[in-house]
1. Tally up the residues in region 149-172 that are charged (D, E, K, R) and open to solvent by 70 Å² or more (accessible area, probe 1.4 Å), please.
2. So, restricting to strands (runs of 3 or more DSSP E) that lie completely within region 27-93, which ones have at least 2 residues that are within 18 Å of the chain's Cα centre (by Cα)?
3. State which residue pairs qualify: first residue within 19 Å of Ala188 (Cβ to Cβ) and in a helix (DSSP H, G or I) and inside region 235-261, second residue open to solvent by 60 Å² or more (accessible area, probe 1.4 Å) and among the hydroxyl-bearing types (Ser, Thr, Tyr) in any location, beta carbons under 9 Å apart, and separation of 6 or more residues or different chains.
4. Have a look at Ala22, Ala88, Ala30, Ala50 and point out the one that is in contact with a strand residue (DSSP E or B) (Cβ under 9 Å, 6 or more places away or on another chain), open to solvent by 10 Å² or more (accessible area, probe 1.4 Å) and of a type in the set (A, V, I, L, M, F, W, C).
5. Between a first residue in region 19-34 that is within 15 Å of Ala117 (Cβ to Cβ) and a second residue that is open to solvent by less than 20 Å² (accessible area, probe 1.4 Å) and among the small types (Gly, Ala, Ser), which pairs have beta carbons less than 7 Å apart while being 6 or more apart in sequence or on different chains?
6. Mind listing whichever residues of region 123-140 are open to solvent by 40 Å² or more (accessible area, probe 1.4 Å) and not hydrophobic (A, V, I, L, M, F, W, C)?
7. Quick check on region 127-150: of everything there that is hydroxyl-bearing (Ser, Thr, Tyr) and touching a strand residue (DSSP E or B) at 6+ places or on another chain (Cβ under 8 Å), which residue is farthest from Val111 (Cα to Cα)?
8. Among the residues of region 60-70, is there at least one that is open to solvent by 80 Å² or more (accessible area, probe 1.4 Å) and under 14 Å from Val99 (Cβ atoms)?
Amino acid sequence: MNDRPKLPEPTWFVGCGNMGGAILEGWRGADVSLNGLTVIRPSGQPVEAARVVTTIGDAGPPPKMVVLAFKPQKLDEIAPELRSRLTARTVVVSLLAGVEVASLRARFPGVAAIVRAMPNLPVAVRRGVVGLYSPDADETVKQQLADLFVPIGFTPWMADEQKLAALGSIAGAGPAYVARFIDALTKAGEKRGLSHEIASIIARETVFGTAWMAASTGEDMASIARRVASPKGTTEAGLKVLDHDKVLEQLIGVTIEAAAQRAAELAEEARSASLAEGASLA
């Protein structure tokens, strides 16, 4: 028996930017069968293990699954032609940040199900997070998507779009914030006399090792911090700076709020466009 995960045939990826490419890289690493995959991208740039075409018209028979992997701002440019190629058997999986199910259903009214997926970049190395939400996917579709996404990361089904947005504000944007923190640690090491190469390795391995230890043991972050910080020692002195007036928590909170606000703006833009399209068709 071959239980290797595989995509529904045919599957289309409409667009293949950073996040779409990361998912495909993760699937290749997880030995997911990509037979029947067509990537539609105007540039025609090759994608490993996939057939690439430059237009929707060249994609072939209607897909059983279509992944929307383009920029949210391009939705209304792409949706009319794409809608004409989808059927009542097509599952639409949207990676479009901030574009809600209602907005997607307005543009693709006849499809079998609409699923929003909120992945983050580390899915490329199979250590990512992929939040999923759908109000109309049946258990068969949910299991099929779990079989595809679990091999590349933690894959929770979220109860509603508000919780999906919360997941996205942490997991989706989080790698960029962690990267900034690692960069700051690196620069601090350089100021103390380390070479850039050595400082960057130390910073990366410190963050990776701490996360791996917590994931492996289940120990919480407060406990780890207490174990590192001996009383009246050097680490405790540094933590007093970070903990003063909860400055670090406040900085992260403001950062997450800014990202959440932009997601809300994208959702409102998509809703407004849906209303405008509906009025024009009435």
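The values are calculated or read from the model by the stated rules, or taken from the named source; none is laboratory data. All figures in this text were calculated on a predicted structure; none of them were measured in a lab. Note: ideal-geometry Cβ built from the backbone for every residue, glycine included; neighbour counts use all protein chains shown. With ligands, DNA and RNA removed, areas are computed over all heavy atoms of the protein, side chains included. Shrake-Rupley method; radii C 1.70, N 1.55, O 1.52, S 1.80 Å.
1. Looking only at that region, the number is 1.
2. 65-68
3. Close Cβ pairs satisfying both conditions: Glu236/Ser230; Ile252/Tyr177.
4. Selected residue: Ala50, the only one of Ala22, Ala88, Ala30, Ala50 that is in contact with a strand residue (DSSP E or B) (Cβ under 9 Å, 6 or more places away or on another chain), open to solvent by 10 Å² or more (accessible area, probe 1.4 Å) and of a type in the set (A, V, I, L, M, F, W, C).
5. Short answer, once both residue conditions are applied: Met19/Ala69; Gly20/Ala69; Gly26/Gly128.
6. Within region 123-140, Arg126, Arg127, Pro135, Asp136, Asp138, Glu139, Thr140 qualify.
7. Checking each candidate, the answer is Tyr133.
8. Scanning region 60-70, I find no residue that is open to solvent by 80 Å² or more (accessible area, probe 1.4 Å) and under 14 Å from Val99 (Cβ atoms), so the answer is no.
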